Structures are given as C-alpha cells and as structure tokens.
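Taking it in order: structure first as structure tokens, then the write-up.
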Amino acid sequence: MGIMSFIKGGVAEMAIARPDAAKDQWVYKHPDQTIPWKAQLTVDSDEVALFFKNGAYVGAFAAGRHTLDASNIPFLGQLIDKFTGGNVFICEIFFVTTREMPSIKFGTSIGDVQDPQTKLRIRLMVHGEFSAKVIDPIKLLIGLVGQKNATNEGFLPWFKSQVQKTMKDGIAELIVKENWPLMKVTSGGYTDEIEATTLTNVRRNIEPYGVEIIRFGDFSVSMDEKDKERLDKLVDRMAYVDGMGSVNGGMAAYQQLAQAEMMMGAAEGMKKGGDGGGGALQGAGIGMGFAMAGQMGGMMGNSNANRPAESKESIMATLKQLGELKAAGILDEAEFQSKKKELLAKL
C-alpha cells in the first residue's frame with residue numbers, strides 16, 4: 001500500500017486540472033503553488049488557465065492538454081525555482097470559465113422615489129436574474145488578484161455588488177427623469193424600457209472588469225405591500241375626484257383626504273430614514289405634520305371664504321357621492337361619518 005500511495009500521489013501531482021466538483025465555478029485556483037517540471041495541464045474547452053507569480057500575470061494556456069516544459073514554452077522559464085535544481089515551477093494557476101453562466105439571482109432596494117401622481121414617497125425594489133460570461137479572463141484576474149479576491153467565493157459577492165449598485169442608481173434616476181407613475185412602474189407598464197436601459201448601464205460599468213452581462217430574466221420592479229395599499233387607496237380617490245369633474249364642492253370635499261395622505265407619507269418617510277434619531281426625530285416629524293396641516297387648513301379656509309355658500313341641492317349631491325365612495329370601499333366608516341357631519345352642519 002505504501003508504494004501504491006506513493007505512485008498515486010506522484011500521478012496526482014503531475015496531473016493539473018479543474019476537479020469535477022468545481023466545474024460550475026467562475027474561478028478555480030489550483031491549491032498547490034509547487035508544479036513539477038513536465039506536469040500535464042488539462043484545460044477544458046470552456047475555460048482558460050492563467051499563470052501568476054507574486055501577483056503578476058505571466059502567461060496563459062487555451063483548451064487542450066499541455067506538458068509544462070520551459071524549453072518549449074518560454075514564459076515558464078520565469079517560474080522556475082532554482083533552489084530545487086530547476087525541476088519545479090513556483091506559481092499560482094487559475095482556471096477561469098469562459099462559457100455563459102445563467103440564472104444568477106439578484107435583488108436590491110432602489111430607495112425611496114416620489115410618485116409624480118400622488119407626491120407620496122415609495123420605497124422600490126428590483127429583483128430577477130441575469131446571465132453573464134467572462135470576455136477577458138486576463139483583465140478579470142488582474143483586478144481580482146490585486147484585490148485578493150481571486151477565488152470563486154471572493155468573486156461572486158464582489159461581482160453581484162457591482163451589478164446591483166449600478167441597478168440601484170440607474171433605475172431610480174430613470175423613473176424620476178421620465179416622471180413615470182409608480183403604480184404603472186410596479187405593474188410592469190415600463191418594464192421593457194427599464195430593463196433595456198439597466199442592461200446598457202450595467203454592461204458599460206461591468207465590461208471594464210472583463211465580464212459581459214448577456215441578458216436579464218424575470219426582471220421586475222416592486223414596492224412594499226403596505227406602500228402599495230397606501231398608494232392604491234389614494235390613486236382610487238384621485239380617480240374618483242377626476243371623474244366627478246366640475247360638480248360643485250366635489251373637489252373641495254376630497255382635497256383634504258389627498259393632503260392627509262401626503263402628510264402621512266412624509267411622516268412615514270422620516271421614520272424610515274431617521275431611525276437613529278429615535279423619538280426626537282419622530283416628534284419633529286409630527287410637529288412638521290401639524291404645521292403642514294395648519295397651513296393647508298388656512299388655505300382651505302381662505303378658499304371657502306371667497307366661495308359662495310353651497311346650495312342645499314349641491315350639499316345633498318355631495319352626500320350622495322360620499323355614500324357611493326363608502327359603498328365602493330374607498331372611504332371607511334369613520335371618514336364617511338366625519339365628512340357627512342361637516343356637510344349636514346351647512347344645512
């Protein structure tokens with residue numbers, strides 16, 4: 001057994017290749033930096049083998065079976081260890097996959113974006129998957145070796161963080177620039193435009209590292225469920241107000257509801273962005289909310305003072321509209337009773 005173990009050890013030492021368990025890795029680093037003279041290097045058709053010494057690139061081998069002999073391959077002469085009589089190369093060998101790597105999942109927050117339709121600030125997320133491939137293995141490895149991330153475990157987190165940072169900055173900027181309503185954004189109305197622009201931006205920022213993003217899959221922009229409910233409610237109310245057109249008193253009856261939603265959104269945004277401030281910051285948000293409410297109330301009061309008194313017929317028509325809103329689920333019982341009380345006081 002001792003002789004057989006010696007023979008097996010010698011064969012393993014002479015044969016250098018990526019193991020089957022590492023076939024799906026972007027980068028595989030050969031574990032031994034001591035390479036025997038005339039060792040057999042096997043490079044698969046979907047990869048390239050790169051040789052480094054002291055962090056510097058020395059040479060590469062394409063697909064095939066290669067005998068590591070400095071007399072036939074000049075760059076190997078730079079790797080000879082003279083202390084062993086010239087029988088050993090001292091270097092790092094990296095196998096880099098060059099085929100397309102599919103189904104890389106991603107997900108990140110885009111941040112808070114103001115909805116142009118309702119003026120609410122909504123937190124958006126983007127998620128899906130993408131495929132990518134290495135187009136310049138030397139450029140990729142030079143960057144990763146310099147960062148001491150030249151392993152599969154070091155590469156993937158770094159790579160995904162670069163992709164997601166570009167997405168986060170680019171998508172928020174595009175939505176604001178195009179003034180797109182967030183309900184349409186998250187329902188898929190602009191997914192094709194966002195995906196195409198994001199792909200262009202990501203390629204531009206990632207290709208200098210030697211990697212190309214090929215395509216996205218299941219690409220979608222979403223929002224938190226609570227934000228969606230809040231936005232849905234206000235959009236429905238605004239649509240109903242628009243549908244009432246010039247009915248006397250209709251807009252005034254629902255303007256306050258929209259303003260209340262905006263104040264709630266502002267307070268919620270301050271709480272999200274100001275956790276470190278604790279109660280003091282939340283108290284400041286409440287104070288600002290009351291100030292905003294006071295200003296709006298003053299403006300509404302001035303508007304009401306300049307408008308002629310509503311007739312009994314217009315008040316009854318508005319009461320009927322309130323009942324329809326309540327029946328449709330847009331107003332809850334408390335909101336309905338409050339507005340009803342205000343209108344009845346005018347009779």
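Bear in mind that the values in this text are calculations on the coordinates, not laboratory data. Source: prediction; values computed, not measured. Positions of Cβ are backbone-derived with ideal geometry, glycine not excepted, and every protein chain shown enters the neighbour counts.
Taking amide H positions as modeled 1.01 Å from N, with prolines and chain starts lacking one, the residues under 5 Å from GLY128 and 5 or more places away or on another chain are PHE106.
Under a model in which nothing but the beta-carbon of Lys, Arg (+1) and Asp, Glu (-1) is charged, the range 101-223 shows a dipole of about 260 debye around its Cα centre.
Cross-link pairs exceeding 21 Å between alpha carbons, from the set LYS233/LYS346; LYS119/LYS226; LYS233/LYS326: LYS233/LYS346. In this structure the amide hydrogen of ASP224, modeled in the peptide plane, comes within under 5 Å of the amide hydrogens of ARG123, none closer than 5 places in sequence on its chain.
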